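Working notes, structure below.
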Amino acid sequence: MVIFQNNIKRFLMHKLNFVLLMVIPLIFIVLSFSGSWAQKAKVGIIDHDHTLLSQKLEQSIKTQADVVTVTDRNKQDQLINSKVDSVIVIPQKFTQFMLEGRPIKLQSYHVQASNVSSGIQTFVSGYLQDMKIMAVSTHGDKNMFYKALDHYQANHFTLHVTSTDTSGAQKEKTMNALGFVIFGLFMIVSVSSRFIMEDIKLKLYNRFFTTPLSIGSYNVQNILSYLTLATVTILTLMAILVLGFHAALGPSPISVFLVLFTFSIVSVSIGILISSLVKSTGQATALSQLIITPFAMLGGCFWPISITPVFMQKISDFVPTTWGMRALTKLVYGNTLNDVIIDLLILIAFAAVFFLLASWRRSEIAS
Amino acid sequence: MIIEVKDLVKRYKDFLAIDHLSLTIKEGEIFGLLGPNGAGKTTLTNTILGLTAIDQGTITVFGKELRKHEREIKEDIGLVPQDIAVYDELTAYENIRLFGKLFGLRGEALKNGIDDALEFTGLTHLKNKKPSQFSGGMKRRLNIACAIVHKPKLIIMDEPTVGIDPQSRNYILESVKKLNQLDCTVIYISHYMEEVAAICSQIAIVDKGRIIAKGTKEELSRLIVDDQVISVDVEAPDYTIIERLKNLHGVKDASIDGQTVRIVLNELKLNTVLSTFLEEGSTITKVATNTPTLEDVFLTLTGRALREGSR
């Protein structure tokens with residue numbers, strides 16, 4: 001493991017490497033958690049029914065978000081000017097349809113899909129679903145229905161005030177922070193390609209293979225050294241996230257680690273592919289930067305993919321950062337490892353393709 | 001035989017780098033590989049080290065076929081590459097230790113190997129310095145130290161004296177002799193004729209991927225022993241005179257080096273040569289006759305100089 005040890009030593013000798021991998025993501029993590037922009041959602045409600053039931057629905061939403069009164073006329077302006085994150089319209093005959101067990105669909109408007117607006121939507125649909133069940137169970141008996149609803153709401157209030165409300169914003173912040181962790185791990189592309197190119201530039205690459213070292217062992221040791229650096233980075237940043245910022249990493253932080261680790265394999269594979277394509281350290285650095293930042297942008301490391309134009313969203317399916325961020329979003333929002341298996345497999349497929357391309361490009365040591 | 005190369009062929013697309021080359025090197029020799037840039041010397045060593053795939057032929061080192069025993073063979077070979085291949089960010093000691101470990105040395109054997117390599121190259125007092133603080137000659141010595149840390153049976157030195165001062169050059173040449181005295185076979189690759197002549201017991205002249213002559217310095221000189229080498233200094237020599245001289249019966253070769261026209265002849269009289277100069281209107285400033293050197297052998301055999309100018 002001589003090459004492995006040597007790479008770790010070389011990494012630690014240069015402060016810039018440490019800054020790229022650890023310090024930059026850390027700065028953005030601090031910013032993610034210190035900002036006030038991730039507060040409770042602001043929801044505008046237009047009530048066309050004006051019944052006890054519609055008022056109770058409004059009260060329930062108030063437990064999840066800041067409710068603002070809007071009208072049909074100004075709802076568009078309110079949304080465009082970011083006065084509200086979304087607008088929910090309660091239609092006429094809402095209560096009547098509900099008691100009769102007929103289908104009801106609330107209209108909602110939002111400028112962009114975000115975790116905030118989708119969280120409210122999820123809450124409202126769950127609430128309506130529960131009301132429907134109560135309506136069916138009470139067979140249209142109004143008194144019994146409202147009695148049941150009061151009872152439900154009393155419990156419902158307690159449940160949501162202590163869970164969803166505080167964790168929603170925290171999850172939002174966590175996702176922003178994880179975006180920068182992914183960005184930091186993507187910097188391994190630059191480190192790995194630069195290290196190999198330096199070996200080639202210094203003619204050490206050829207010289208190494210005049211010793212009993214095989215090219216396979218050299219590659220494996222290189223990959224292992226970068227993955228070790230990635231693991232230390234992931235564990236450090238995750239520890240800071242959890243212990244320092246009480247980040248909400250979902251039910252299984254180990255799964256978050258697995259996704260981040262799988263993503264670092266992709267980063268290493270891209271770095272090795274770059275080193276097989278370019279002819280100098282300068283070219284390696286330039287190509288790395290050309291890949292890292294656009295991929296991070298397209299993949300949603302800096303902002304939600306949903307705010308980007310549709311064609312960019314389609315392109316983003318072809319970059320690994322997207323799949324890393326998707327998997328992390330699922331995990332942070334309560335899913336388990338089973339739900340992100342496809343995303344992980346896609347990341348592994350990316351890595352396999354890049355490794356294969358790299359090995360195809362470099363077939364002979366001295367050419 | 002420490003190395004046996006049979007019918008070796010190496011192509012880079014349409015370029016034939018090694019052309020059906022066969023070569024044997026005996027144990028204990030300092031074997032000189034002489035040839036101009038692009039002759040195929042480095043490609044030949046790359047194939048012996050398994051760095052380059054071959055298209056045809058067989059290579060046997062230490063009696064074992066390279067293709068089957070590559071790892072085993074490499075444990076006993078040390079390469080001093082043409083370029084200084086060390087890490088600038090590591091100290092001399094750390095660089096040597098890195099190669100010692102790559103050759104499988106550990107513990108006391110590694111420590112002793114490093115200390116011996118530092119002592120042999122005279123770098124012990126500089127072991128904690130980084131190569132960036134070294135002169136060109138010191139870097140070359142560190143390059144050698146990295147190749148001998150594991151005490152190899154065979155050392156391949158590829159142009160180890162390029163770009164260094166005469167003192168360091170002499171130090172390196174003396175080191176080669178000392179290594180040889182320590183039962184180490186050395187392949188010394190150079191286009192510096194005088195270095196090869198001074199230290200090598202066997203010399204092979206390589207050109208266009210082939211060995212065009214092989215033997216001791218004396219044996220090679222005998223190839224043109226009947227020849228006479230005349231150096232004529234003239235004012236403003238040009239290629240017209242070279243063409244005329246080459247067309248004379250008995251002239252084997254003619255070339256220009258600065259103000260000097262060098263002629264290798266075997267049957268011709270000196271006055272015929274001089275008459276040709278006078279007929280061309282050249283002003284002769286000096287005439288000298290020389291004993292054939294390895295340079296003359298090379299020129300005669302290949303028709304071209306080993307390198308531009310001289311040191």
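The values are calculated or read from the model by the stated rules, or taken from the named source; none is laboratory data. All values derive from a computational prediction rather than experimental measurement. Neighbour counts run over all protein chains shown; Cβ positions are idealised from the backbone, glycine included.
What the table shows:
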quantity	calculated
Restricting region B:60-80 to residues that are away from chain A (no Cβ under 11 Å) and within 18 Å of B:Val186 (Cβ to Cβ), the residue that is farthest from the chain's Cα centre (by Cα)	B:Phe62
Matching entry among A:Ile200, A:Ile240, A:Ile254 (being part of a helix (DSSP H, G or I) and within 14 Å of another protein chain (Cβ to nearest Cβ))	A:Ile200
Subset of region B:2-38 (residues that are in a loop (DSSP other than H, G, I, E, B) and either over 14 Å from B:Lys214 (Cβ atoms) or among the acidic types (Asp, Glu) (or both))	B:Ile2, B:Lys13, B:Asp14, B:Glu27, B:Gly28, B:Glu29, B:Pro36, B:Asn37, B:Gly38
From B:Ala53, B:Ala85, residue being on the phi < 0 side of the Ramachandran plot and in contact with a Cys (Cβ under 9 Å, 6 or more places away or on another chain)	B:Ala85
Criterion (assigned to a helix (DSSP H, G or I), out of contact with any Phe, Trp or Tyr (no Cβ under 9 Å at 6 or more places or on another chain) and in contact (Cβ under 8 Å) with a residue 60 or more places away in the chain) met by exactly one of A:Thr321, A:Thr285	A:Thr285
A:Leu249 being of a type in the set (A, V, I, L, M), surrounded by fewer than 24 Cβ atoms within 10 Å (Cβ to Cβ) and farther than 21 Å from A:Val30 by Cβ	no
Sole residue being closer than 30 Å to A:Leu229 by Cβ, more than 14 Å from every other protein chain (Cβ to nearest Cβ) and touching a helix residue (DSSP H, G or I) at 6+ places or on another chain (Cβ under 6 Å), chosen from A:Leu53, A:Leu31, A:Leu21, A:Leu26	A:Leu21
Subset of region A:257-282 that is without any contact (Cβ under 8 Å) to a residue 60 or more places away in the chain and assigned to a helix (DSSP H, G or I) - its residue that is nearest to A:Leu204 (Cα to Cα)	A:Gly282
Test: residue in region A:350-364 that is within 14 Å of another protein chain (Cβ to nearest Cβ) and surrounded by 17 or more Cβ atoms within 10 Å (Cβ to Cβ)	yes
Within region A:294-313, considering residues that are free of Cβ contacts under 8 Å to residues at least 40 places away in the same chain and β-branched (Val, Ile, Thr), the one surrounded by the fewest Cβ atoms within 10 Å (Cβ to Cβ)	A:Val310
Residue match in region B:225-235 (condition: assigned to a loop (DSSP other than H, G, I, E, B), modelled with pLDDT of 85 or more, of a type in the set (D, E, K, R) and more than 16 Å from B:Thr302 (Cβ to Cβ))	yes
Checking B:Ile2 against (1) crowded, with 22+ Cβ neighbours inside 10 Å; (2) touching an Asp or Glu at 6+ places or on another chain (Cβ under 8 Å); (3) more than 25 Å from B:Glu194 (Cβ to Cβ); (4) more than 10 Å from chain A (Cβ to nearest Cβ), the condition it does not meet	(1)
Every residue from region A:289-330 that is among the aliphatic types (A, V, I, L, M) and either touching an Asp or Glu at 6+ places or on another chain (Cβ under 8 Å) or not assigned by TED's automatic domain parsing to the domain that holds A:Phe261 (or both)	A:Ala327
Selected residue (only one of A:Phe302, A:Phe311, A:Phe318, A:Phe295 is under 19 Å from the mean Cα position of the chain (by Cα) and over 30 Å from A:Val220 (Cβ atoms))	A:Phe302
Evaluation of B:Tyr12 against (1) more than 19 Å from B:Ile205 (Cβ to Cβ); (2) in contact (Cβ under 8 Å) with a residue 40 or more places away in the chain; (3) within 14 Å of chain A (Cβ to nearest Cβ) (one fails), failing number	(2)
Scope region B:260-311; condition part of a loop (DSSP other than H, G, I, E, B), of a type in the set (Ser, Thr, Tyr) and modelled with pLDDT under 75; matching residues	B:Thr291, B:Thr293, B:Ser310
Contacts under 6 angstrom Cβ, first residue in region B:294-310 being β-branched (Val, Ile, Thr), partner at pLDDT below 75, 6 or more apart	B:Val297/B:Leu223; B:Val297/B:Ile224; B:Thr300/B:Ile224
Residue that is more than 10 Å from every other protein chain (Cβ to nearest Cβ), in contact (Cβ under 8 Å) with a residue 60 or more places away in the chain and within 23 Å of the chain's Cα centre (by Cα), where the choices are B:Leu34, B:Leu49	B:Leu34
Hits in region B:183-219 (condition: under 15 Å from B:Ile25 (Cα atoms), out of contact with any strand residue (DSSP E or B) (no Cβ under 6 Å at 6 or more places or on another chain) and not in a strand (DSSP E or B))	B:Asp183, B:Thr216
Any hit, region B:253-264, residues being over 24 Å from B:Ile212 (Cα atoms) and among the β-branched types (Val, Ile, Thr)	yes
Matching option when the condition is away from chain A (no Cβ under 14 Å), at pLDDT 90 or above and in contact with a helix residue (DSSP H, G or I) (Cβ under 9 Å, 6 or more places away or on another chain), among B:Glu89, B:Glu29	B:Glu29
Complete set of residues in region A:63-92 that are among the basic types (Lys, Arg) and either touching a helix residue (DSSP H, G or I) at 6+ places or on another chain (Cβ under 8 Å) or surrounded by 14 or more Cβ atoms within 10 Å (Cβ to Cβ) (or both)	A:Lys75, A:Lys83
Residue check, A:Phe355 assigned to a loop (DSSP other than H, G, I, E, B) and farther than 26 Å from A:Leu241 by Cα	no
Flag for B:Leu21 being over 14 Å from the mean Cα position of the chain (by Cα) and either in contact (Cβ under 8 Å) with a residue 40 or more places away in the chain or surrounded by fewer than 17 Cβ atoms within 10 Å (Cβ to Cβ) (or both)	yes
Residues located in region B:92-118, provided they are within 10 Å of chain A (Cβ to nearest Cβ) and acidic (Asp, Glu)	B:Glu94
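Okay, residues lined up against (1) touching a Gly at 6+ places or on another chain (Cβ under 7 Å); (2) more than 14 Å from every other protein chain (Cβ to nearest Cβ); (3) closer than 26 Å to B:Asp158 by Cα:
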{"site": "A:Ser192", "(1), (2), (3)": "yes, yes, no"}
{"site": "A:Asn206", "(1), (2), (3)": "no, no, yes"}
{"site": "A:Tyr218", "(1), (2), (3)": "no, no, yes"}
{"site": "A:Leu224", "(1), (2), (3)": "no, yes, no"}
{"site": "A:Leu227", "(1), (2), (3)": "no, yes, no"}
{"site": "A:Val232", "(1), (2), (3)": "no, yes, no"}
